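No lab work stands behind these numbers, since they all come straight from the coordinates. Source: prediction; values computed, not measured. FYI the Cβ positions are ideal-geometry reconstructions off the backbone, even for glycines, and counts take in every protein chain you see.
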Amino acid sequence: MNVLVPLPVVLPLAGAALTLMLSRRPRVQRTVSLTVLSITLAVSVALLAACVARGPLVVAVGDWPAPVGIVLVADKLATLMLVVSAAVTLCVLVYSIGQGMADGNEETPLSIYHPTYLVLTAGVTNAFLSGDLFNLYVGFEILLVASYVLLTLGSTETRIRAGTTYVVVSLLSSLIFLTALGLVYAAAGTLNMAHLADRLDAVPDNVRLLLEGMLLLAFGIKAAVFPLSAWLPDSYPTAPAPVTAVFAGLLTKVGVYAIIRTETLLFPGGRVADAMMVLALLTLVVGILGAVAQSDIKRLLSFTLISHIGYMLFGVALTTASGLSGAIFYVVHHITIQTTLFLGAGLVERRGGSTSLDRLGGLARVSPLLAVLFFLPAMNLAGIPPLSGFLGKVGLLQAGVDVGGPLPYLLVAGGVLTSLLTLYAIARVWNLAFWREPHPEMPHAGDGGEPVRVDGAGNRTAQVREPGAPSGVMLPRLMVAPTLALVVLSAGFTVAAGPLFALSGQAATDLLARTPYVEAVLPEGVP
Amino acid sequence: MSPNLVYAVVVGVLFAAGVSLLLERSLTRVVMGVIMLGNGANLLILMAGTAGGPPIVGTTPEAEMSDPLPQAMILTAIVITFGMTAFLLAMAYRSWHLVGHDEVQDDVEDRRIMARAERDEGPDAADRGGPEEADEGPDPDSEPLPTGAPPARRVGR
């Protein structure tokens, strides 16, 4: 079974090389990407099953034993994230293929898209599986480089501007991470996480606090925690819909994953828990207040993305098994739901010609299917019972009440307020874009062959396609199907919330105990 | 390398210069800042290891070997920083090509929302579309795509 562990990293990388060579044959390229990501999903599911049955799986890369070589560790948290991210990336790939076909550039697509997308996947899986801090850094860099390219696809003026903000901020966070790595190595003499878990206990308290602070700073930028989140709404919405969707779903969650990992494995005890709670509260409230002010669906969703990172941070800051379990459940739920909403925004843009609330209206009458595809995840995001968003929030709030004390109660209140404001922001989108009379500038239902006008005020994506290419106002089936699949998946989380909560609970218990991870990586004891 | 004052000062200067360059609006200066910060971080990692002879079994007694791990990490980090620098330079060039300079502008949507907040008027306002768009100044999407850039703004080529 261990032989499967490196596959989620190796397969997309090999696929990226293959698709790069096949860049002149788009059809084969598409087949390769789809196959690779399908196999990755299957492997991830197998890993999760194996991990639940037999505990963490460990592979020493190059057969160098643990503290010396680099290890890949598939524990419950990592494999759970792998499964969700593989499912999401596969759906988004199908969506982008559908969009490419509908835009008429089937024969001349951007040859760089598929390889870059696969490299991004490899970076994400590498970050999840890494059992070594430096390898985690490399995973981050892989996914970031790929994301730089995807964000500036076509290199139009708006995208270069947005890309500059994104690249410079990400570079800064990477450099902080790198500096923190140097300091960790100087203090502990190792970067293997299981080894560090033991060695860091001997490091003086103030040095540990410094290391923890620097790592959290680096991950906080990537996860878009409040004072470090301003880059996100300026950069994400300009990218093409599928790219924004996968960024929103996965990239910030990799940061959250790294925070969970370092806070539980390397720096247990929660000495910065109070500070994290304050930050979580600010992220929740400031983020959602930003969303309320927006008039563009994609930007509004970017702000809800920032805001809901606060829920996960809250769960981590509680440092109890139930809090951590709630955070893990919320991460899983949020990856799916945020991706679905951005894909939905892409469909809105295609159908309505814009994502600006000033230029939309009456979409529910014009396209009932689109309305359902947007309504369900939107209500899920706001936390309407009985959907998974509600269950995740209840889990977190319950964990907060269990801990008690002024700060957790304040956070519980902030969480409820954020949920209500999310509902308000989303309801505003619904009222303006889906109800009202159809906007006069919107493409009409009858003219099926008419290309969608892409010069609306809210439409900042400047789609990469030749003018006048055949493009129906009707929604392409290959774009609807993956969105529907993700809606069904999130509904599945609702139905299977019991087992999923049990699984996240087990993962949280393992994380807090630390021993399963450390013993799996260093079976012969800590050297 | 055991900590010594010269290294510490050099790292400090590199970091300080890098951060101050990073705060500039011109992308070329940001690139310089990233290079300095990257080199500072690499030097810091080098300081984290122990100094000594080449870490090859047979040539150096084990106790006198230098720590090879930080060096391996620095090599990786150098390659990554190199790639990033190349990408940033390409972006700076592209930006110069498109708008004639490489300075990072304020976000257009931000300005739009600020302007709207000043007029205290939302998209929910009854007469949407009309005056609202008239005084908005440059519309984010009427900004020219590369092919449609007005010749006056083009400096390159």
Most positive-pole-ward Cα, A:M214, A:S111, A:L77, against dipole of chain A from beta carbon charges: A:S111
When A:D358, B:D110 are ranked with the fewest other C-beta atoms within 10 Å first, the list becomes B:D110, A:D358
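Going by C-beta contacts inside 10 Å, put A:Y236, B:Y7, A:Y95 in order with the fewest on the left.
B:Y7, A:Y236, A:Y95
Using only Cα atoms, figure out Rg for region B:5-99 and give it as a multiple of 2.2 N^0.38 Å.
Values: Rg = 17.3 Å, N = 95, 2.2 N^0.38 = 12.4 Å.
After normalising by residue count via 2.2 N^0.38 Å, the value is 1.39.
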Could you give the length gained by full extension between A:V45 and A:D205, i.e. 0.36 nm per residue of separation minus their alpha carbon distance, to one decimal place? 53.6 nm
20 Å Cα-Cα reach of A:K222 towards lysines, excluding residues that sit fewer than 8 places from it in its own chain: A:K253, A:K298
Relative contact order of chain A: what whole-number percent is it, with Cα pairs under 8 angstrom and at least 6 residues apart? 17 percent
Tell me, what does the Kirkwood hydrodynamic radius of chain A come to in angstroms if you use every pair of distinct C-alpha atoms? 23.0 Å
If one takes the longest principal axis of the Cα atoms in chain A, at what angle in degrees, from 0 to 90 and to the nearest 10, does the Cα axis of helix A:26-54 lie? 40 degrees
What does the average come to when, for each residue of peptide A:180-188, you count the partner chain Cβ atoms lying within 10 Å of its Cβ? 5
Can you tell me the dipole magnitude for the protein assembly as shown around its Cα centre, using point charges on the Cβ only (Lys, Arg +1; Asp, Glu -1), in Debye to the nearest 20? 980 debye
Partner chain Cβ atoms within 10 Å, averaged over the residues of B:39-45 - can you pull that number for me? 5
Over region A:269-314, calculate the relative contact order: mean separation of alpha carbon pairs under 8 Å at least 6 apart, over the residue count, as a percent. 48 percent
Which of A:H114, A:H308 has the fewest Cβ neighbours within 10 Å, and the rest in rising order: A:H114, A:H308
